[in-house]
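Okay, structure first, notes after.
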Amino acid sequence: MKNLPLFLKVTLVFTLCVILMGAYTRLSDAGLGCPDWPGCYGMIKVPSQNHELAQALNSFPEHKVEQEKAWLEMIHRYIAGILGLLVLTILVICLKNRETPKKLPTFIALLILFQAALGMWTVTMKLMPVVVMSHLIGGFTLMSLLLLLYLRTKPLRIPGGDSSARKLVPLATAALSVLTLQIILGGWTSSNYAALACTSLPICEGDWYNNLRLIQAFNPFQGTHDSYEFGVLDYASRMTIHVTHRFGAILTAAILLWLAYKLHTQSQSSQLKRSAQWLMLLVCLQVGLGISNVVLHLPLGIAVSHNAGAVFLLMNLVFINYSLWRKA
């Protein structure tokens, strides 16, 4: 039991690294840097020697070895592999100790196995958007559940129960639900390469409202293609995805800021007040990063930071909901 919180902290850090490295790989167009799985051109590392390059060309004649992109993909896989071992270690610790939860770590272990399968399908199905988005959402889900497990290993008490804060449970639950939907929408935007479909503010350029294609934009089945890299949807569909993401961002920011305000003014616990302050700061930062992505045409560093902002917002709301539901 003493080692469990430490393992969970390390695992949370590795999960964040996997999510951010996955975002960096995807935004660098390196998702197919290795055309096979789990190795790269049939090897455990990126081929670099002349005989390795010749073997790669012989095995995958339709692919050109781009070492920089291949290394991005393989580093992502290496970190994900370490994460899998950490999750299995946590499961073993929990199963051996009578005082620790059993169902949650078991579910997390099953989720990491499913994530590995999604990682394989991402490559074998050539970046099919619904698979890429599911892989992204799986990472966020894993992060949330690991945080929840960590919180369950730590004593958390709010003096007096804070009955005023307890009244905010419905709002906090709604905020978490809306943020989850917005993250899913962000994943759909990224996997369909729709992040630059609109390059003006506040919504989109031109006659966008007469060109919305909701059915085509959100159809998970986009036909059979040799590859989905760089997207297969037409401009109107990508624009629809982007516009929906922007409206979702406005709604999400409003609900989260309202929760932060109510939590800060109504709660008596300094712990919840700090969480409200962090929530307000993270929302403002995330909105700023989103605007910067549009104005600066999706620079890699800001785009990855936008993913990180979503992770920290989700963790903050998981903590707030846990505090209100379980301990308030």
Solution diffusion estimate, µm²/s, Stokes-Einstein, the range 180-294, Kirkwood Rh from C-alpha pairs, 10 °C, viscosity 1.306 mPa s: 101 µm²/s
Listed residues 42, 130, 4: farthest to the positive end of the dipole of the range 1-154 (Cβ charges): 4
What Kirkwood hydrodynamic radius, in Å, does the range 70-175 give when the mean of 1/r is taken over all pairs of distinct Cα atoms and then inverted? 16.2 Å
Once the in-chain neighbours fewer than 8 apart are removed, the aspartates and glutamates whose Cα is under 20 Å from residue 167 read none
For the range 41-59 and the range 225-279, compute the distance between their C-alpha centroids and round to whole Å. 43 Å
How much of the accessible area of the chain, in percent, comes from carbon and sulfur atoms when a 1.4 Å probe is used? 66 percent
Mind ranking 299-306, 272-279 by how tightly packed they are, going by the mean number of other C-beta atoms within 10 angstrom, highest first? 272-279, 299-306
When each pair of different Cα atoms in the range 1-154 is counted once in the 1/r mean, what is the Kirkwood radius in angstroms, to one decimal? 16.5 Å
So, counting K/R as plus one and D/E as minus one, what does the shell of residues with Cβ under 14 Å around residue 147 add up to? +4
How large is the helix-only mean residue ellipticity at 222 nm for the chain, computed as the sum of -39500 (n - 2.57) over DSSP H runs with n ≥ 4, divided by its residue count, in deg cm²/dmol to the nearest 500? -23500 deg cm²/dmol
Would you mind checking which residues have amide H under 5 Å from residue 40's amide H? H placed 1.01 Å from N; only 5 or more apart, or other chain. 45
Computed ³J(HN,Hα) along the range 299-311: with the Karplus parameters 6.51/-1.76/1.60, θ = phi - 60°, integer Hz and x for glycine or proline, the list is x, 4, x, 6, 5, 5, 4, 5, 5, 4, x, 5, 4
What accessible area per residue comes out for the chain, rounded to a whole number of Å², with a 1.4 Å probe? 49 Å²
How would you order 11-22, 75-86, 204-215 from highest to lowest mean count of nearby Cβ atoms within 10 Å? 11-22, 75-86, 204-215
Cross-link pairs 69/126; 9/45; 64/126; 9/69; 9/154 - those with Cα-Cα distance over 18 Å: 9/45; 9/69
Rounded if a/c is under 1.5, else prolate if a/b is larger than b/c, else oblate: which is the chain, with a ≥ b ≥ c the root eigenvalues of its Cα gyration tensor? oblate
Descending packing, highest mean Cβ count within 10 Å first, for 135-144, 65-74 is 135-144, 65-74
Using alpha carbon centers only, the range 1-35 is separated from the range 289-328 by a whole-angstrom value of 16 Å
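The values are calculated or read from the model by the stated rules, or taken from the named source; none is laboratory data. Nothing here was measured: the structure is a model prediction, and the numbers come from that model. Positions of Cβ are backbone-derived with ideal geometry, glycine not excepted, and every protein chain shown enters the neighbour counts. Areas reflect the complete protein model, heavy atoms only, side chains present, ligands, DNA and RNA absent. Shrake-Rupley method; radii C 1.70, N 1.55, O 1.52, S 1.80 Å.
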